[in-house]
Number of protein chains: 2
Amino acid sequence: MSEKTTIYDIAKKLNISAATVSRALNNNPKISESTCKLVQETATKMNYKQNRLALALKSGKSGNIGVIVPRINTNFFGTIIRGIEEELHPNKYNVIICQTHEDENREIENINTLLDAQVDGIMISITNESKKNEKIIHSVLQKNVPLIFFDRKKNIDGVSSVTIDDFKGGYMATKHLIDEGCKRIAHLCGDQSLEIYENRFKGYRQALLDNNIEFDESYVIRSKSSLEDGAIATTKLLALSPAPDAIFSASDFAALGAIQELKANGIKIPQDFCVVGFGNEPFTKFMELSISTVDQSPLEMGNMVAKVFLEQINHTENFKMEKKIVLNPILHVRKSSSRKEA
Amino acid sequence: MSEKTTIYDIAKKLNISAATVSRALNNNPKISESTCKLVQETATKMNYKQNRLALALKSGKSGNIGVIVPRINTNFFGTIIRGIEEELHPNKYNVIICQTHEDENREIENINTLLDAQVDGIMISITNESKKNEKIIHSVLQKNVPLIFFDRKKNIDGVSSVTIDDFKGGYMATKHLIDEGCKRIAHLCGDQSLEIYENRFKGYRQALLDNNIEFDESYVIRSKSSLEDGAIATTKLLALSPAPDAIFSASDFAALGAIQELKANGIKIPQDFCVVGFGNEPFTKFMELSISTVDQSPLEMGNMVAKVFLEQINHTENFKMEKKIVLNPILHVRKSSSRKEA
DNA sequence: CTGTTAGCGCCTTCAT
DNA sequence: ATGAAGGCGCTAACAG
């Protein structure tokens with residue numbers, strides 16, 4: 001009862017060979033319609049299920065792909081994974097998820113685990129730009145396991161990636177603040193060893209330069225993606241003279257921390273101070289003082305990553321392909337930086 | 001170069017049998033230390049990686065477990081999955097995720113997919129209480145694949161589950177509103193075919209009865225877990241006479257929708273109207289008018305689910321075990337229902 | 001201690 | 001159109 005039925009069981013029952021059963025099940029055209037039908041019927045009757053493990057061993061393809069993210073319980077990464085899963089599901093791939101918790105060693109370990117598990121591809125948002133993971137990354141490529149970066153990528157020849165234009169996002173956000181009349185725009189930046197944060201910063205700086213606003217290094221403060229860090233950074237900014245009159249934060253969480261700190265100091269938003277975040281986390285929209293932010297289209301990003309993978313898989317025998325997809329960021333102007341409606 | 005080395009390659013190189021290599025690699029005590037060491041050294045030298053697919057076929061264990069949730073990009077489910085992954089990772093299990101999107105057919109399909117993939121266990125938060133999935137659930141049990149419910153469970157003998165005490169959560173929330181002096185407490189309830197929502201409702205009702213407050217059916221409104229539905233339900237409630245002076249919502253999202261609608265009607269919170277949600281979504285804490293809510297400890301829930309699975313796996317040969325774990329809900333009193341501080 | 005053999009379930013030449 | 005045989009990589013008897 002609990003024993004699984006194999007093609008041999010079917011073969012025995014029908015007095016034919018297992019090979020024929022296999023062929024019939026796979027709709028091999030060389031099988032007579034009658035036996036084909038017969039086999040398929042008895043297969044369902046006997047509650048036959050293909051053992052994908054056997055198939056995997058035989059074919060070398062597990063039907064699983066691995067996704068590595070810093071953590072899965074954030075809106076951004078959760079939504080990307082959702083996008084990946086939705087796109088891969090119809091193609092019969094399963095999604096295995098791994099978390100690095102921003103730990104490089106964990107990242108290496110996860111890649112090894114996935115390699116051991118014989119995944120058919122790896123999609124990864126890397127932890128940081130350290131050299132530590134270079135070796136393992138290259139061993140993935142050497143094994144010909146399709147590798148795709150999303151959001152946080154490494155620049156490696158021949159490796160596809162799906163990202164958003166962080167430079168443009170930073171530029172748009174800053175330009176918007178300038179248009180709102182802000183004169184002294186500060187920036188809460190993330191880990192500069194990550195391309196995404198570097199690019200947001202560069203976009204910020206370029207927007208200032210393009211609009212004849214002096215770039216002031218003291219207005220740029222490193223801050224983790226947390227309320228606490230955002231608040232701390234804001235305290236530092238307010239101590240400057242002149243203090244800034246706007247903040248472009250590379251993180252929504254830091255932006256919220258900043259807003260709370262500004263309010264605590266009796267500063268009116270957006271009248272006296274404007275804030276723009278990055279990420280379009282759900283809460284930015286829900287707040288009474290809704291927070292302007294840059295959307296990263298995580299669902300589309302997930303979909304694209306999966307699509308690039310599927311494309312790559314189909315060509316992997318013939319030639320190498322490299323595809324760098326850059327999505328457009330979308331600025332959502334909300335109350336925290338919107339003086340016109342205020 | 002890209003060819004994978006097998007134990008046969010090692011065997012050939014060392015002029016010993018593959019079996020010995022296998023044993024040495026697995027630290028079988030019957031192998032002499034010298035050969036054991038030799039094998040392991042040449043293995044690393046030759047960059048040997050165990051093919052887990054072969055092992056899986058041989059042992060019937062894939063090393064993967066499947067997790068099925070309605071969707072993964074919510075704080076609640078995302079955090080549960082995080083908890084599961086964290087607990088399972090050290091035990092060398094991979095986590096395959098599936099989404100149902102609240103579609104029963106998709107749920108059945110997902111279970112079949114996981115079964116086909118020979119997962120070593122399935123953890124599921126079911127879509128609803130319909131009879132539709134009974135058949136497939138039982139076929140999982142018949143195949144002796146460990147099955148564990150979390151949060152949204154079915155009551156089936158011999159099947160373990162990890163949930164929170166929704167009755168208690170509903171009771172606590174309602175009791176709190178009563179203590180704050182609310183007299184006419186309404187309830188936004190979810191899909192009553194799901195045990196969790198039914199229990200939250202029952203807890204609500206019991207708290208009323210225990211405190212000599214008449215239960216008024218017209219104060220109970222079905223509402224999906226969305227801002228829109230929360231707002232619509234609130235409009236209906238405000239049209240009643242007498243209108244309620246508090247809402248216990250079984251969903252944080254509906255609670256937020258309610259709050260927005262109340263504000264739009266010029267009603268002061270918490271002075272004139274108190275609101276308590278359910279779920280402790282991040283935004284409830286971030287709001288200026290922070291929302292009181294019931295925390296479901298999703299991280300612990302995830303951890304527990306994984307632990308129960310591991311426990312079950314270790315006993316599966318000897319005897320069946322059933323473990324029903326019920327976590328305690330935690331009420332977070334915040335501004336939306338806190339008159340004393342207000 | 002180690003080698004031989006067989007088999008997990010499937011597919012795929014090579015025959016017929 | 002079908003059967004026989006071999007192999008994917010590993011492990012677990014069963015022998016020595």
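Can you tell me which condition A:Leu53 does not meet? The list is (1) within 30 Å of A:Glu129 (Cβ to Cβ); (2) within 8 Å of another protein chain (Cβ to nearest Cβ), and all the others hold.
Failed condition: (1).
Report, by residue number, each residue of the range A:151-180 that is assigned to a loop (DSSP other than H, G, I, E, B) and either over 25 Å from A:Gly121 (Cβ atoms) or at pLDDT below 95 (or both). Outline the logic, then answer.
Our first condition is that a residue be assigned to a loop (DSSP other than H, G, I, E, B); within the range A:151-180, this holds for A:151-159, A:165, A:180.
Result: A:Arg152, A:Lys153, A:Lys154, A:Asn155, A:Ile156, A:Asp157, A:Gly158, A:Val159, A:Glu180.
Given A:Lys268, A:Lys263, which one is within 12 Å of chain B (Cβ to nearest Cβ), more than 30 Å from A:Gly60 (Cβ to Cβ) and not polar (S, T, N, Q)?
On the way: A:Lys268 fails: within 12 Å of chain B (Cβ to nearest Cβ).
None of the others qualify; the one that does is A:Lys263.
Just to be sure, is A:Thr44 under 30 Å from A:Ile97 (Cα atoms), hydroxyl-bearing (Ser, Thr, Tyr), away from DNA strand D (no atom under 16 Å from the Cβ) and within 14 Å of chain B (Cβ to nearest Cβ)?
no
I'd like the full set of residues that are under 15 Å from A:His332 (Cα atoms) and in a helix (DSSP H, G or I), limited to the range A:248-275.
Residues satisfying the conditions are A:Asp252, A:Ala255.
Return the total of residues in the range B:177-195 being under 26 Å from the mean Cα position of the chain (by Cα) and farther than 14 Å from B:Ser223 by Cα.
The qualifying residues number 1.
Residues checked against (1) within 14 Å of chain B (Cβ to nearest Cβ); (2) near DNA strand D (Cβ under 9 Å from one of its atoms); (3) buried (at least 16 other Cβ atoms within 10 Å of the Cβ):
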{"residue": "A:Ala24", "(1), (2), (3)": "no, yes, yes"}
{"residue": "A:Glu33", "(1), (2), (3)": "no, yes, no"}
{"residue": "A:Gln40", "(1), (2), (3)": "no, no, yes"}
{"residue": "A:Ile68", "(1), (2), (3)": "yes, no, yes"}
{"residue": "A:Thr74", "(1), (2), (3)": "yes, no, yes"}
{"residue": "A:Gly78", "(1), (2), (3)": "yes, no, yes"}
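Within the range A:39-96, track down each residue that is assigned to a helix (DSSP H, G or I), within 22 Å of B:Val67 (Cα to Cα) and within 13 Å of DNA strand C (Cβ to nearest atom).
Once the filter is applied, which keeps residues that are assigned to a helix (DSSP H, G or I), within 22 Å of B:Val67 (Cα to Cα) and within 13 Å of DNA strand C (Cβ to nearest atom), the range A:39-96 yields A:Arg52, A:Leu53, A:Ala56.
Only one of B:Thr293, B:Thr284 is among the hydroxyl-bearing types (Ser, Thr, Tyr), in contact with a strand residue (DSSP E or B) (Cβ under 6 Å, 6 or more places away or on another chain) and closer than 25 Å to A:Leu262 by Cα. Can you tell me which?
B:Thr284
Which of the residues spanning the range B:1-22 are surrounded by fewer than 16 Cβ atoms within 10 Å (Cβ to Cβ), near DNA strand C (Cβ under 7 Å from one of its atoms) and not in a loop (DSSP other than H, G, I, E, B)?
Residues satisfying the conditions are B:Ala18, B:Ala19.
Considering only the range A:192-236, state which residues are outside any strand (DSSP E or B) and basic (Lys, Arg).
Residues satisfying the conditions are A:Arg200, A:Lys202, A:Arg205, A:Lys224, A:Lys236.
The values are calculated or read from the model by the stated rules, or taken from the named source; none is laboratory data. Keep in mind that this is a model prediction, so the values were computed, not measured. Heads up, the Cβs are rebuilt from the backbone with ideal geometry, glycines too, and the neighbour counts pull from every protein chain shown.
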